[in-house]
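The values are calculated or read from the model by the stated rules, or taken from the named source; none is laboratory data. Note that the structure is predicted; figures quoted are calculated from it, not measured. Here the Cβ is made from the backbone with ideal geometry for all residues, glycine too, and neighbour counts use every protein chain on show.
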Amino acid sequence: MSGYTCQNEACEAILEAGRRLYLRGLVASNDGNISARMEDGSVWATPTGVSKGYMTRDMLVHLSAEGELLEGSLRASSEIAMHLLVYRKNPALAGVVHAHGPAATAYATLGKPFDLAISLESAVQLGVVPCAPYAVTGSPALAASAAQYCMEYNAAFLEQHGAVSWGKDVMQALFRTESLEHSIVTYSHMLALGEVRLLTKAQIADLQAVRERFGITTGGIPRGRE
Ligand SMILES: [Zn+2]
């Protein structure tokens, strides 16, 4: 099972990811949540009701793999149930980031996957991004809806809500959140220009070798043009 060996490192990664999410406008107000899995299976996570841009170490909560509070004076966000289910399903993951980036959230209202090879980066880092069917925020149904994709994909939209990404650590999960937002912004600009020109199928096939070099085996192959 993947996991952080150092509690300080895990907590610092969460605090840094929170600042970056907030400063980049990927969350507003108290939105979003971040977690890191430890080697022993326990999880450090962001609390409810706190801006992710202004968190301090004492605000973070330490939970068992089942979600019982081990340390901390605040309550964990109800959306952490989604994180815990992701960790339970995929032992290779040690970081989860849930955000409400405006472009990704707008795309999530469509309730469909993003499967277009619009750029080198999106084809390599993300591949196809599925959309988890709508469920009430913080509910077991939302956790199940999102976590079903954590074995095969790098990120998922949450219909009418936002997006969630995961990775071998918090930074990889954060970078996937950033890549997804960037991809949908780029796609929106293409639509505004009046033409969406995808990579060719041959270019996408070449990129699979690049993905293998980076050790990226998840995400599937996005659609290209002839
Ligand atoms: Zn949310």
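List of remarks:
- If you filter the stretch 32-74 down to residues that are charged (D, E, K, R) and touching a helix residue (DSSP H, G or I) at 6+ places or on another chain (Cβ under 9 Å), you find that the one that is surrounded by the fewest Cβ atoms within 10 Å (Cβ to Cβ) is Glu66.
- Of residues in the stretch 1-51 being charged (D, E, K, R) and touching a strand residue (DSSP E or B) at 6+ places or on another chain (Cβ under 7 Å), the one nearest to Leu180 (Cα to Cα): Arg37
- Among the residues listed as Glu121, Glu152, the single one being of a type in the set (D, E, K, R), in contact (Cβ under 8 Å) with a residue 24 or more places away in the chain, surrounded by fewer than 19 Cβ atoms within 10 Å (Cβ to Cβ) and assigned to a loop (DSSP other than H, G, I, E, B): Glu152
- Counting only residues that are part of a loop (DSSP other than H, G, I, E, B) and either within 16 Å of the ligand (Cβ to nearest atom) or of a type outside the set (S, T, N, Q) (or both), the stretch 10-61 holds 22 of them.
- Selection within the stretch 97-109 - in a loop (DSSP other than H, G, I, E, B) and within 15 Å of the chain's Cα centre (by Cα): His100, Gly101
- Filter result (within 14 Å of the ligand (Cβ to nearest atom) and either over 16 Å from the mean Cα position of the chain (by Cα) or of a type outside the set (Val, Ile, Thr) (or both)) within the stretch 110-140: Ala132, Tyr134, Ala135, Val136, Gly138, Ser139
- Test: residue in the stretch 84-96 that is buried (at least 19 other Cβ atoms within 10 Å of the Cβ), within 14 Å of the ligand (Cβ to nearest atom) and either in a helix (DSSP H, G or I) or among the charged types (D, E, K, R) (or both): no
- Test: Ser78 is among the hydroxyl-bearing types (Ser, Thr, Tyr), assigned to a loop (DSSP other than H, G, I, E, B) and away from the ligand (no atom under 16 Å from the Cβ): no
- Number of the exception - Ala144 against (1) within 16 Å of the ligand (Cβ to nearest atom); (2) at pLDDT below 95: (2)
- Qualifying residue in the stretch 204-220 (condition: hydroxyl-bearing (Ser, Thr, Tyr) and free of Cβ contacts under 8 Å to residues at least 60 places away in the same chain): yes
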